[in-house]
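Quick notes on the structure that follows.
The values are calculated or read from the model by the stated rules, or taken from the named source; none is laboratory data. Note that the structure is predicted; figures quoted are calculated from it, not measured. No Cβ is skipped: glycine too gets one built from the backbone with ideal geometry, and neighbour counts run over all protein chains shown.
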Amino acid sequence: MERKDFLRSGISALGIAAFVAPLASSCKKDTGSGSSSGTDTGSGGTTGTCTSTSSETEGPFPTKSPSSLVITDITSDRTGVPFTIKITIQNKNNSCAALANAIVDIWHCDRDGYYSEYGGTSMQSVDFTSVHFLRGRQTTDSNGLVTFKSIFPGWYSSRAPHIHVHIYNASGTSLLVTQIAFPTDVCNTVYTTATNYYTKGTQDTSNAADTVFSDSIANELATVTGSVSAGYTLTHTIVVSA
């Protein structure tokens, strides 16, 4: 099965069981209940209304042992445009207040569209099974924020550029599996001007045509600011029911 066939098959992460463990060692991914980027109308994020962020598939390449990757800088040996990822988690069940001590796992492809921990198959021909680049775990602070240092992701056929996110509560219970989309204008700039990105050109699948984002882009689209020369910063809010 090729990667694009997996993605088009409509496989849902809802069938993956969660592994409940303590904060320092919670492991396996699972899908949680739906959630989405929200609008907080209250002061300091303590009161207001928000919309749950959409639940999405983990895809074919979830992190195998996320508890071993508690790191802020997930770059490893990958090179590309510097990229800071700032994700805020809010709790819809607590008037959209910031959710502290939530566990946040992220993973994404490198500039060439390849994932670590997988490969040597029809879904990804290049073998990266023994390395762990562009994967990491952090715990939210009192403002519900986690920050990662990475590189701007590339793209692969049939998908718009994206980041995978899995969120757990402090006890290790899965709250949500989702994905983050990117503004097209930023992607076009990176993929046509940044060194070693422009060899592939712009992505072949838009956010609107992507099978994951086509019905949920409004609550999964991040804000990305910066430049190729200075690097970019992504900011995004994800709303869960905790």
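Okay, residues lined up against (1) at pLDDT below 95; (2) acidic (Asp, Glu); (3) part of a loop (DSSP other than H, G, I, E, B):
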| residue | (1), (2), (3) |
| --- | --- |
| Asp30 | yes, yes, yes |
| Thr47 | yes, no, yes |
| Pro62 | no, no, yes |
| Ser67 | no, no, no |
| Thr75 | no, no, yes |
| Thr79 | no, no, yes |
| Lys86 | no, no, no |
| Gly113 | no, no, yes |
| Tyr118 | no, no, yes |
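Yes or no: region 102-120 includes at least one residue that is more than 25 Å from Thr195 (Cβ to Cβ) and polar (S, T, N, Q). Scanning region 102-120, I find no residue that is more than 25 Å from Thr195 (Cβ to Cβ) and polar (S, T, N, Q), so the answer is no. Among the residues making up region 97-116, a single one is surrounded by fewer than 18 Cβ atoms within 10 Å (Cβ to Cβ) and either of a type in the set (Lys, Arg) or at positive phi (or both): Asn101.
A quick yes/no check of all residues on (1) touching a residue at least 40 places away in the same chain (Cβ under 8 Å); (2) touching a helix residue (DSSP H, G or I) at 6+ places or on another chain (Cβ under 6 Å); (3) surrounded by 21 or more Cβ atoms within 10 Å (Cβ to Cβ):
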site: Thr178; (1), (2), (3): yes, no, yes
site: Phe182; (1), (2), (3): yes, no, yes
site: Val186; (1), (2), (3): yes, no, no
site: Thr199; (1), (2), (3): no, no, no
site: Ala209; (1), (2), (3): yes, no, no
site: Ser214; (1), (2), (3): no, no, no
site: Thr223; (1), (2), (3): yes, no, no
site: Gly231; (1), (2), (3): yes, no, no
site: Thr237; (1), (2), (3): yes, no, yes
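Among the residues making up region 107-141, a single one is touching a strand residue (DSSP E or B) at 6+ places or on another chain (Cβ under 7 Å) and farther than 22 Å from Val177 by Cβ: Arg111.
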